[in-house]
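Down below is the structure, laid out as structure tokens.
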Amino acid sequence: MNKRNDDHSFSRRVFLHGALSASLLPLASFASNSLSANSDSRKSRVIVVRDAKALDKDNKACATTINQMLENGLLALTGYNNPMQAWGYLFSKTERISIKSNISLASVHRDIHSALLYGLASSGIAEDQIRIWDRNRGGLGLSQADASGWNWAPGYGAGGISRAVEWADGLINAPRLKSHELSVMSGALKNWVGAVTNINCRDENVVFPIHANHCADVGMINALPVVQRKCRLIVVDALLPLFHDMDNQKPWAYKGLVIGTDPAAVDSVCWRILQGCRRKTSGELNGYREMPLHISNAEAKYGLGNCGYDRIETELIGWSEDCFI
């Protein structure tokens with residue numbers, strides 16, 4: 001793990017090499033390969049940004065701090081020292097961008113929605129080209145950070161995939177980190193379950209049978225060409241992860257964002273964070289010992305990226321107390 005608290009940028013030579021490499025990759029390879037600060041391009045890069053001021057004493061989010069955290073994470077990920085350039089590296093001004101959030105049970109914090117929407121708009125993307133959604137509810141433009149005001153129903157197209165995915169040129173995956181009754185952990189990989197229709201826990205008459213064996217095959221949705229090709233950024237809400245027994249979830253004020261492009265690598269780092277929360281509070285892991293099957297299968301079965309910690313470069317920016325990575 002690398003750690004830093006000060007401003008940092010790649011050298012011009014390193015960045016140009018990465019940008020050129022990315023331009024030569026097929027779009028489907030963008031998410032797992034194009035953003036790497038390592039000379040070893042086989043490693044995936046994950047940025048963990050934390051700030052002790054991200055939540056107040058009542059665990060309410062601080063919008064200004066979260067905006068800065070997101071900017072710092074994107075600068076570290078892309079190698080730029082200007083947020084507009086970092087956004088511009090990921091998304092073109094002419095593209096339509098769709099943010100897949102999570103608003104079921106413990107929702108993604110509104111201030112993370114705001115930071116993402118503002119960042120895209122500040123890079124020059126028109127408001128009518130930005131949408132945010134989960135399942136069949138969503139919002140259009142910058143005023144829709146609060147999910148309670150969403151009134152857009154994107155519907156589903158061919159193969160049961162959300163039209164919010166089909167509509168977009170580029171996707172952002174924005175889940176919240178939490179434990180889950182079936183999959184043990186819900187993060188980047190599982191968030192795409194909310195992008196398809198006709199999902200049920202018994203997997204009866206469904207296009208995507210993902211619930212068996214602790215949701216071991218949830219990667220099949222991430223591996224859909226339309227998702228894998230378009231998703232260019234993952235921002236996990238780890239401000240207040242929910243963990244512990246599934247019927248007795250507890251929040252931990254981690255005050256962080258986990259940012260990357262490889263969903264298997266991002267979820268591996270998120271899994272370590274949940275393990276740390278459990279170990280810190282109870283002193284033991286119990287059901288948190290083994291990596292959830294859907295994370296290891298994401299690499300082994302679906303080729304979605306790297307889940308092994310030896311193939312992930314994790315960089316911590318900011319507050320280091322109880323970082324667990």
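Observations on the structure shown:
- In the range 254-298, the residues that are in a loop (DSSP other than H, G, I, E, B), closer than 22 Å to residue 46 by Cα and at pLDDT below 95: 289, 290, 291, 292
- Hey, residue 193 under 23 Å from residue 169 (Cβ atoms), surrounded by fewer than 20 Cβ atoms within 10 Å (Cβ to Cβ), at pLDDT 85 or above and not basic (Lys, Arg) or not: no
- For beta carbons closer than 7 Å, sequence separation of 6+ or different chains, a first residue in the range 217-245 that is farther than 24 Å from residue 110 by Cα and a second that is open to solvent by 10 Å² or more (accessible area, probe 1.4 Å) and among the β-branched types (Val, Ile, Thr), the qualifying pairs are 224/161; 226/161.
- Count of the range 154-166 residues which are exposed (fewer than 13 other Cβ atoms within 10 Å of the Cβ) and touching a residue at least 12 places away in the same chain (Cβ under 8 Å): 2
- Verdict on residue 223 being open to solvent by 10 Å² or more (accessible area, probe 1.4 Å), modelled with pLDDT of 95 or more and either under 26 Å from residue 303 (Cβ atoms) or among the β-branched types (Val, Ile, Thr) (or both): yes
- Residue in the range 235-257 that is of a type in the set (Asp, Glu) and crowded, with 24+ Cβ neighbours inside 10 Å present: yes
- Looking across the range 299-325, just one residue is touching a Lys or Arg at 6+ places or on another chain (Cβ under 7 Å), open to solvent by 50 Å² or more (accessible area, probe 1.4 Å), in a loop (DSSP other than H, G, I, E, B) and of a type outside the set (Phe, Trp, Tyr), and that is 320.
- Hits in the range 106-121 - residues which are of a type in the set (Gly, Ala, Ser) and either at pLDDT below 95 or not in a helix (DSSP H, G or I) (or both): 106, 107
- Taking every residue in the range 191-202 that is in contact (Cβ under 8 Å) with a residue 40 or more places away in the chain and pairing it with any residue that is of a type in the set (Phe, Trp, Tyr), at least 6 positions away or on another chain, the pairs with Cβ-Cβ distances below 8 Å are 196/156; 196/208; 197/156.
- Total residues in the range 124-149, condition surrounded by fewer than 22 Cβ atoms within 10 Å (Cβ to Cβ), touching a residue at least 40 places away in the same chain (Cβ under 8 Å) and in contact with a helix residue (DSSP H, G or I) (Cβ under 7 Å, 6 or more places away or on another chain): 1
- Residue check for residue 52: part of a loop (DSSP other than H, G, I, E, B), modelled with pLDDT of 95 or more and either among the aliphatic types (A, V, I, L, M) or surrounded by fewer than 16 Cβ atoms within 10 Å (Cβ to Cβ) (or both): yes
- Annotation: of all residues in the range 106-120 being among the small types (Gly, Ala, Ser) and open to solvent by less than 30 Å² (accessible area, probe 1.4 Å), the one that is farthest from residue 64 (Cα to Cα) is 106.
- Residue count, the range 71-84 (criterion: part of a helix (DSSP H, G or I), out of contact with any Ser or Thr (no Cβ under 8 Å at 6 or more places or on another chain) and open to solvent by 10 Å² or more (accessible area, probe 1.4 Å)): 2
- Answer residue from the range 202-215, given it is more than 15 Å from residue 297 (Cα to Cα) and surrounded by 12 or more Cβ atoms within 10 Å (Cβ to Cβ) and is modelled with the highest pLDDT among those: 208
- Selection from the range 85-105 of residues that are open to solvent by 10 Å² or more (accessible area, probe 1.4 Å) and either in a loop (DSSP other than H, G, I, E, B) or of a type in the set (Asp, Glu) (or both): 92, 93, 94, 95, 96, 102, 103, 104, 105
- The residue that is nearest to residue 268 (Cα to Cα), among those in the range 162-190 that are at pLDDT 90 or above and among the β-branched types (Val, Ile, Thr), is 172.
The values are calculated or read from the model by the stated rules, or taken from the named source; none is laboratory data. This structure is a prediction, so every number in the text was calculated from the model and none was measured. Virtual Cβ from ideal backbone geometry, glycine too; neighbours counted across all protein chains shown. These accessible areas exclude ligands, DNA and RNA; they are computed on the full protein's heavy atoms, side chains included. Shrake-Rupley method; radii C 1.70, N 1.55, O 1.52, S 1.80 Å.
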